Amino acid sequence: MCGIVGVLGTHEVAPILVESLRRLEYRGYDSAGIATVNEGRLDRRRAVGKLVNLSDLLVHEPLAGKSGIGHTRWATHGAPSEVNAHPHKAGPVAVVHNGIIENYKALRDELRAMGAAFETETDTETVALLTQYYIAEGLNRVEAAEKTLSRLEGAFALVFLFDGEDDLLIAARKGSPLAIGHGDGEVYVGSDAIALAPLTDKITYLEEGDRAILTRGSVDIRDAEGRRANRPAKTVSIDAARVDKSGYKHFMAKEIWEQPTVLANALDAYLDGDRIDLPEGLDFAQSERLTLVACGTAYFACLTAKYWFETLAGLPVETDIASEFRYREPPIPAATTALFVSQSGETADTLAALRYCRDKADRILSVVNVAESSIARESDLALPIHAGVEIGVASTKAFTCQLNVLYLLALKAAVDRGRMSPDALAAALAELRGLPGLFNAALDRDPTIAEAARAVAETRDVLFLGRGLMYPLAHEGALKLKEISYIHAEAYASGELKHGPIALIDKSVPVVVMAPKDALFDKTVSNMQEVMARGGQVLLITDAAGAEAAGGDVWKTVILPEAAPQLTPLLYALPAQLLAYHAAVAKGTDVDQPRNLAKSVTVE
Ligand code: HGA
């Protein structure tokens, strides 16, 4: 999604803006631009495609000035073109925007009636034009921005820069996050702390509805009612905000390979001897229902958790995709715990679903990677996944860390509901502690997976099959492959094969079967035989016992270490991630920033 930066600096700002935008590249974008004020004059440069195009443009057409704003755009309204790229400028005002101005059509009509001419197809341009109009009416810059903001509907983060004002930025947050950075005689604003990490580690997060009037010497924050708001500055760990590939070719590779370490840290954060260290008061004994809501990969983590909560804790679970849930007006019975999962904690649909449940559910829990995020702040209890910054657009370590927290919650629910003895819990936690070691051992299978992936890269369609706990994971495997290799992939519950998808099977369609040797293995093997009988090429991901039992007719087998049945979704996520990664590398696609995708989906 769009990335925003703004700097009131003491040095030439264009290279600083471009470097900050580079740190926001992970969010996904299609064009970029900056605007500066130099000796009172506002000017801008924009370019389609990667940031290097903007940097090249700036070599030929430099922009001087010590104040400026910058933007990476992920188009929602209007094609990804130079003219639609931000900053948008109207007379003395330039603006960068993340989000959607929902009433932009009405505002366009109003502006058109007042004689305004439009250059772009974007919703954002109305913000610049409206501010220009209010300035022309005689309002000062701050008043004009305020009045404009009061007219906007929808979700946005906005930063304004003005001609003739090289010591003024106005920032506003409603629905999309913004962070203010404090420097030495300088002030910054960015979509997140990562963007600002080389500039400062002192960050103030704006809250919902806040506006900030920034000069080099002052940060004046007002809340939604216009009252002066005291928002504390925090020191953010630079390490947490550090963005480098540590020698890997892609962030995604780094994030896959660091999972043993990250999981070990996440376990440390939650385990205390034979007990799970969760906040006091979190008790599932009286819960009658659990509603799990999320989008994308996080949704598949929820689907996995349904199996855990129902099997281990006997707690009925409903799972839903946030974009469906939020508009369906589902009844929420009393004694429902609602749990929302989002890597960024800013996923627009998930946040809206949470707000829907606010006064209906007994309790709102969230599982997030960003502790200061909107979803975390609006929950009764937010549980961090401790994955560290995830840059690859296709989620990997965040998925396994989400599963880790959800599994711990399911164990806690099992204990609270009298379904698990202290000894059984201790045994389950001991197994969990062994997981980072299993991940390390599974990473050794990388060459086999890479070889299979090179063959998969030659195909057009792939099916993923799984039963029980492997069913949600089959979905996650298919999603990963689609996201980064652009190969069409679909997932089915193995038992569904005969009800339709078997019609797709021929020798050109690899079928990835995820099946540890568990209680359902024989059933899955029967489905696998049905595939092979029709010429299908089976890539079996299993353990040593499964490989032996499956016989020799499968196309390729990846043998993972044996894991406790409940932990297989975590472990089997790894080959699914590696398969997608190597297929994408073989196809030469943009692994970390796949086309059309964005990392933190802050628009509907
Ligand atoms: N609606 C604006 C900004 C899009 C956005 O925030 N994407 O994440 C546009 O289309 O330019």
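The values are calculated or read from the model by the stated rules, or taken from the named source; none is laboratory data. Remember, predicted model here, so these are calculated numbers, not experimental data. Counting neighbours? That spans all protein chains shown, and the Cβs are built from the backbone with ideal geometry, glycine included. With ligands, DNA and RNA removed, areas are computed over all heavy atoms of the protein, side chains included. Shrake-Rupley method; radii C 1.70, N 1.55, O 1.52, S 1.80 Å.
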Surface share of carbon and sulfur [accessible, 1.4 angstrom probe, percent] for segment 301-368: 51
Between segment 511-527 and segment 169-246, the Cα center-to-center distance that results, in Å: 50
DSSP-defined beta bridges in the chain - what % are antiparallel, rounded to 5: 60
Average accessible surface area per residue within segment 1-73, 1.4 Å rolling probe, Å²: 34
Alpha carbon centroid spacing (whole Å) that separates segment 276-298 from segment 466-481: 22
Out-of-range pairs (alpha-carbon distance over 26 Å; input Lys498/Lys599; Lys245/Lys517; Lys147/Lys202; Lys254/Lys587; Lys66/Lys105; Lys174/Lys234): Lys498/Lys599; Lys245/Lys517; Lys147/Lys202; Lys66/Lys105
The chain: angle of helix 568-587 to the longest principal axis, Cα-based, in degrees nearest 10: 60
Whole-Hz couplings from phi, Karplus 6.51/-1.76/1.60, listed for segment 245-250; x for Gly and Pro: 8, 6, x, 6, 6, 9
Kirkwood-type radius of segment 1-117, with distances r between different C-alpha atoms, in Å: 14.6
Ratio Rg/Rh [Cα only; Rh per Kirkwood] for the chain: 1.00
Accessible surface of segment 161-291, 1.4 Å probe, proportion on carbon and sulfur as whole %: 44
In order through segment 155-172: 3J(HN,Hα) via Karplus (6.51 cos²θ - 1.76 cosθ + 1.60), integer Hz, x for Gly, Pro: 10, 7, 10, 9, 10, 10, 10, 10, 4, x, 10, 9, 10, 8, 10, 10, 10, 9
Kirkwood hydrodynamic radius over Cα pairs of segment 363-426, then Stokes diffusion coefficient at 25 °C and 0.890 mPa s, in µm²/s: 188
Segment 1-103: GluC sites (Glu not before Pro) in DSSP loop, at most 11 other beta carbons within 10 Å: Glu39
Between 0 and 90°, nearest 10: helix 397-416 axis offset from the chain longest Cα axis: 60
For segment 516-580, accessible area per residue (1.4 Å probe, heavy atoms of protein chains only), Å²: 36
Neighbour cut-off at most 14 other Cβ (10 Å), DSSP loop, trypsin sites (Lys or Arg not before Pro), segment 136-229: Arg227
Between helix 51-60 and the chain: long-axis angle, C-alpha atoms, 0 to 90°, nearest 10: 30
Whole-Hz ³J(HN,Hα) from phi, Karplus 6.51 cos²θ - 1.76 cosθ + 1.60, for segment 31-44, glycine and proline x: 7, 8, x, 9, 9, 10, 10, 10, 6, x, 9, 8, 8, 8
Segment 507-550 shape via C-alpha gyration tensor axes, a/c threshold 1.5: prolate
Per residue solvent-accessible surface (Å²) - segment 416-495, probe of 1.4 Å: 39
Segment 420-496, accessible surface, carbon-and-sulfur percent (1.4 angstrom probe): 51
